[in-house]
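Colleague: Got a structure for you, questions after.
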2 protein chains.
Amino acid sequence: MKNPPKIAIVGATGLVGRTMLQVLLQRIPNATISLYASHKSAGSPIVEGENKYTVQLLSTDNLSTEYDIALFSAGSNISRQYAPLFQQKGTIVIDNSSCWRQDSSVPLVVPQVNSQSLKNHKGIIANPNCTTIQCVVALNSLQKTFGIERIIYNSYQSASGAGANAIMQLQRQYGCYDNIIPHIDDFCEDGYTKEEHKMIFETQKIFEKNIATTATCVRVPIQYGHGVSINVQLSKKTSFEEIDQILKQDRNITYYNDNTYPTPKDAKGKDNVLVGRLRKDNTHDNCYNLWVVADNIRKGAATNAVEIAEILL
Amino acid sequence: MKNPPKIAIVGATGLVGRTMLQVLLQRIPNATISLYASHKSAGSPIVEGENKYTVQLLSTDNLSTEYDIALFSAGSNISRQYAPLFQQKGTIVIDNSSCWRQDSSVPLVVPQVNSQSLKNHKGIIANPNCTTIQCVVALNSLQKTFGIERIIYNSYQSASGAGANAIMQLQRQYGCYDNIIPHIDDFCEDGYTKEEHKMIFETQKIFEKNIATTATCVRVPIQYGHGVSINVQLSKKTSFEEIDQILKQDRNITYYNDNTYPTPKDAKGKDNVLVGRLRKDNTHDNCYNLWVVADNIRKGAATNAVEIAEILL
């Protein structure tokens, strides 16, 4: 690829798009960055540090520039329409929507877990669901070392996972203010929500193993950061002490032991996954409970996409 | 017992004590009620509807009145010291603290589940932990019909579970404002908290069966109501449809099906346990996911204690 790389952000004025810009400036500082959004924001100025941008209109008439990489975070409909158009011009699309995640020809990538799947991409790469990302990073060393038989997820997800408007609603005391809502995304026929199905399907796709997985996803009234309580059943017999050591040595997580623990506030603005409260689940052989938090907008979305871009560059 | 019954509330100025008074007035309206608290509140007037009370000082010099029943909600230390003094005068103590729950001679009672254990009381009856109460009510019909092999609890607990001060802190934006805290009560040697151990131990004691149970308890920034996500493994094979029917017919719960669900706001001020989001957990035979909410101050504490009193009277 050329140096400096040319990178577009599609959906640049949303919560994730703005954060993609911030993370790009921090991690790929030599990139030439262009910002795209709908007619609602096109023409608006965006200032990030010493950098000034004008948001360009995303339209089929306005796609002449050839980018090395385009980071998409504008929803599934925009991804479905525009990702192939960028792809046809030789741009590699890293898409944060759920549009392509189930497509078997599209790699679903968390760089710390399955960067090897990137080598088979055909121009579109999917960024996983925010909650899935932090969980597979937390579980990766256990899957690699012992194998995982079964996962039971329970999530505690912040309002920012539903976009900037949801945070406004939280602040204005509408929506999920002073309440918790066991319902994220639409319901499916089996009574699970799409969010729960994403966690199940994406965990299996990223680990390239049909791990028995179930999930309950709940919105809680905090602005940033998702927490997930994980009950994991390992394939091989091990001990609390051995897992404790492996998590301590895992460079892809920040591990809290000895009755310390991370909260969403600790994760805010950070690019890493925080893991704590390891406990033996005595109700079953080889089962353990874990508590995992991450900044859903950074590691759960923007940072993961930029990390994929770093590998491609 | 005499008619009208004489009932004392010890710890009458706390969040649960005040609610005990309200529930008593609603459910045992002919009772003669006396209120006790520490020197900080003694002498204060308490008005509830058309009823006026003066809080009496709880002290060993001030226990001449013979009550039929005393409802305690003043913490374990007060219960340890004063419950035996009331008991010696022939008063039946219903204690909301954790002081006596593990005592094998003290029944731990949820009237909808194990009222039969009341017949063995020796003058002290323990009210279970708030989170435990709503879970065993929700699971009772499944335990009776199919038996339960294993339970995995994940709780979403409101600030009011930590008392009136915690709500003040929430409102004043200290404490767990805009954050979730995976830590309720003290840590034990095995890494679980006392709250988690209460859920495990008390579920087993109330169901009179050593059901394999694990728990993760998390404080969320809402004022009232606890949510619990339950993964339950049944002993006998059954079907989603059969469980759906049994929960519909269970008069001790309010059941939400067809993709409706209860939230803590729905539970506020109510005396019942709300159950929803029944789903087959396809990762294991006979496993199901459930979502349970209740008003932790009413059914989780005050109402349960008053319901025990109703049976005794």
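The values are calculated or read from the model by the stated rules, or taken from the named source; none is laboratory data. Predicted model only: the values in this text are computed from it and were never measured. When we count neighbours, we look across all protein chains shown, and the Cβ atoms used for this are built from the backbone with ideal geometry, even at glycine. All accessible areas refer to the heavy atoms of the entire protein, side chains included, with ligands and DNA or RNA removed. Shrake-Rupley method; radii C 1.70, N 1.55, O 1.52, S 1.80 Å.
Colleague: Determine how large the accessible area of A:HIS121 is when every protein chain is in place; take a 1.4 Å probe and give Å² rounded to the nearest 10.
Modeller: 60
Colleague: When you have a sec, figure out the Kirkwood radius of the stretch A:261-313 from all distinct Cα pair distances and drop it here in Å to one decimal? Don't skip to the answer; put the middle values down first.
Modeller: On the way: mean 1/r = 0.0790 Å⁻¹.
This gives a value of 12.7 Å.
Colleague: Along Cα→Cβ at 7 Å, what distances in nm separate the A:TYR53 label point from those on the other copies, shortest first?
Modeller: 6.2
Colleague: Related question: Can you list, largest first and rounded to whole Å, the semi-axes you get for the stretch B:173-246 by taking the square root of 5 times each eigenvalue of its Cα gyration tensor?
Modeller: They are 29, 19, 10 Å, listed from largest to smallest.
Colleague: In percent, what relative contact order does the stretch A:1-151 have, based on Cα pairs under 8 Å that are 6 or more apart in sequence? Please list the in-between numbers first.
Modeller: On the way: 253 pairs, mean separation 26.6, N = 151.
Relative contact order, the stretch A:1-151: 18 percent.
Colleague: Where does the charge balance sit around A:ILE92 when Lys and Arg score +1, Asp and Glu -1, over other residues with C-beta under 11 Å from its C-beta?
Modeller: Working: positive: A:LYS89, A:LYS122; negative: A:ASP68, A:ASP95.
Its environment carries a net charge of 0.
Colleague: Measuring from label point to label point, each 7 Å out along Cα→Cβ, what is the B:THR65 to B:ASN51 span in nm?
Modeller: 1.1
Colleague: With the label 7 angstrom out along Cα to Cβ, how close does A:ASN165 come to the same site in each of the other copies, in nm, nearest first?
Modeller: For A:ASN165, the other copies' label points sit at 4.2 nm, shortest first.
Colleague: Could you put B:ILE167, B:ILE181 in order of accessible surface area, largest first, with the 1.4 Å probe and the full protein assembly present?
Modeller: Working: B:ILE167 10, B:ILE181 35 Å².
Greatest to least solvent exposure: B:ILE181, B:ILE167.
Colleague: For B:ASP295, what is the net charge nearby, where nearby means another residue's Cβ is under 11 Å from its Cβ and Lys, Arg count +1, Asp, Glu -1?
Modeller: Details: positive: B:LYS265, B:LYS268, B:LYS270, B:ARG298, B:LYS299; negative: B:ASP266, B:ASP271.
Counting the neighbours of B:ASP295, the net charge comes to +3.
Colleague: Let me ask you something else. Top mean-square fluctuation among B:ASN30, B:ASN179, B:ASN289, Gaussian network model of chain B, C-alpha springs under 10 Å?
Modeller: Of B:ASN30, B:ASN179, B:ASN289, the Gaussian network model singles out B:ASN179 as fluctuating most.
Colleague: Follow-up. What is the Rg over Rh value, at two decimals, for the stretch A:3-143, using alpha-carbon atoms and the Kirkwood definition of Rh?
Modeller: 0.97
Colleague: So with the 1.4 Å probe, I'd like the accessible area per residue for the stretch B:42-104, rounded to whole Å².
Modeller: On the way: 3210 Å² over 63 residues.
Computed with neighbouring chains in place, this is 51 Å² per residue.
Colleague: Taking all protein chains as present, what is the carbon and sulfur share of the accessible area of the protein assembly as shown, in % to the nearest whole number, probe 1.4 Å?
Modeller: Values: 11070 of 24560 Å².
On the protein assembly as shown, the fraction of accessible area on carbon and sulfur atoms equals 45 percent.
Colleague: Hey, another quick one. Hey, what angle do you get for helix A:303-312 against the long axis of chain A, alpha-carbon based, 0 to 90 degrees rounded to 10?
Modeller: With both axes taken from Cα atoms, the answer is about 70 degrees.
Colleague: How many square angstrom of accessible surface are buried between B and A, both sides summed, with a 1.4 Å probe and rounding to 100?
Modeller: Values: alone 14360 and 14380 Å², together 24560 Å².
In total, this chain pair buries about 4200 Å².
Colleague: Still on this structure, please answer the following. In whole percent, what relative contact order does chain B give with Cα contacts below 8 Å and a gap of six or more residues? Could you put the intermediate results ahead of the total?
Modeller: Numbers: 692 pairs, mean separation 56.6, N = 313.
That works out to 18 percent.
Colleague: A further question on this structure: Give the chain B residue with the shortest beta-carbon distance to the rotation axis relating chain B to chain A, plus that distance as a whole number of Å.
Modeller: Taking the axis that maps B onto A, the answer comes out as B:ASN154, 2.
Colleague: Give the Cα extents of the stretch A:198-313 along the principal axes, in whole Å, largest first.
Modeller: Over the stretch A:198-313, Cα extents along the principal axes are 40, 32, 30 Å.
Colleague: Taking DSSP loops as anything outside H, G, I, E and B, show the longest stretch in chain B free of GluC sites (Glu not before Pro) there with at most 16 other beta carbons within 10 Å.
Modeller: B:67-188
Colleague: At a threshold of 8 angstrom on Cα-Cα distance, excluding pairs fewer than six apart, so keeping six or more, what relative contact order does the stretch B:246-313 reach in percent? Display every interim value, and only then the final one.
Modeller: On the way: 97 pairs, mean separation 18.1, N = 68.
Here the relative contact order equals 27 percent.
Colleague: Residues with amide H under 5 Å of B:THR213's amide H, sequence separation 5 or more or different chain, H placed in the peptide plane at 1.01 Å from N; which?
Modeller: Answer set, sorted by chain and number: B:ILE151.
Colleague: Sticking with this one: How many nm is it between the label spots at A:ASN165 and A:GLN116, if each spot is 7 Å from the Cα in line with the beta carbon?
Modeller: In this crude label model, A:ASN165 to A:GLN116 measures out at 4.3 nm.
Colleague: Note down the accessible area of A:LEU290, probe 1.4 Å, to the nearest 10 Å².
Modeller: A:LEU290 has an accessible surface of roughly 0 Å² with all protein chains in place.
Colleague: Here's a follow-up. Leaving out ligands and nucleic acids, note down the accessible area per residue over the stretch A:156-302 with a 1.4 angstrom probe, in whole Å². Walk me through the numbers on the way to the answer.
Modeller: Values: 5770 Å² over 147 residues.
Using a 1.4 Å probe on heavy atoms only, each residue of the stretch A:156-302 averages 39 Å².
Colleague: Once you sort the root eigenvalues of the Cα gyration tensor of the stretch B:79-229 as a ≥ b ≥ c, which label holds: rounded (a/c under 1.5), prolate (a/b larger than b/c) or oblate (the other case)?
Modeller: Values: a/c = 2.03, a/b = 1.26, b/c = 1.61.
Cα axes put the stretch B:79-229 in the oblate bin.
Colleague: Given the options A:PHE187, A:PHE72, A:PHE201, state which has the largest fluctuation in a GNM of chain A using a 10 Å cut-off (strictly under) for Cα springs.
Modeller: A:PHE187
Colleague: Kirkwood hydrodynamic radius, computed over distinct alpha-carbon pairs, for the stretch A:134-215: how many Å, to one decimal? Intermediate values should be presented prior to the final figure.
Modeller: Numbers: mean 1/r = 0.0692 Å⁻¹.
Over the stretch A:134-215, the inverse of the mean reciprocal pair distance is 14.4 Å.
Colleague: Using the Cα atoms of the stretch B:23-81, I'd like the radius of gyration and the largest Cα-Cα distance, Dmax, both in angstrom.
Modeller: Both quantities, over Cα of the stretch B:23-81: 12.2, 33 Å.
Colleague: Taking only the alpha-carbon atoms of chain A, what semi-axes of the equivalent ellipsoid follow from 5 times the gyration tensor eigenvalues under a square root, in whole Å, largest first? If you can, show how the numbers build up before the last one.
Modeller: Values: eigenvalues 217, 93, 67 Å².
So the three semi-axes of chain A are 33, 22, 18 Å.
Colleague: Starting at 0 and stepping by 20 Å, how many percent of the alpha carbon pairs of the protein assembly as shown end up in each bin?
Modeller: With a bin width of 20 Å, the distribution comes to 19, 47, 25, 8, 0.
Colleague: Springs between alpha-carbon pairs under 10 angstrom, Gaussian network model over chain A: which of A:ASN62, A:ASN96, A:ASN257 fluctuates most?
Modeller: Of the options given, A:ASN62 has the highest mean-square fluctuation.
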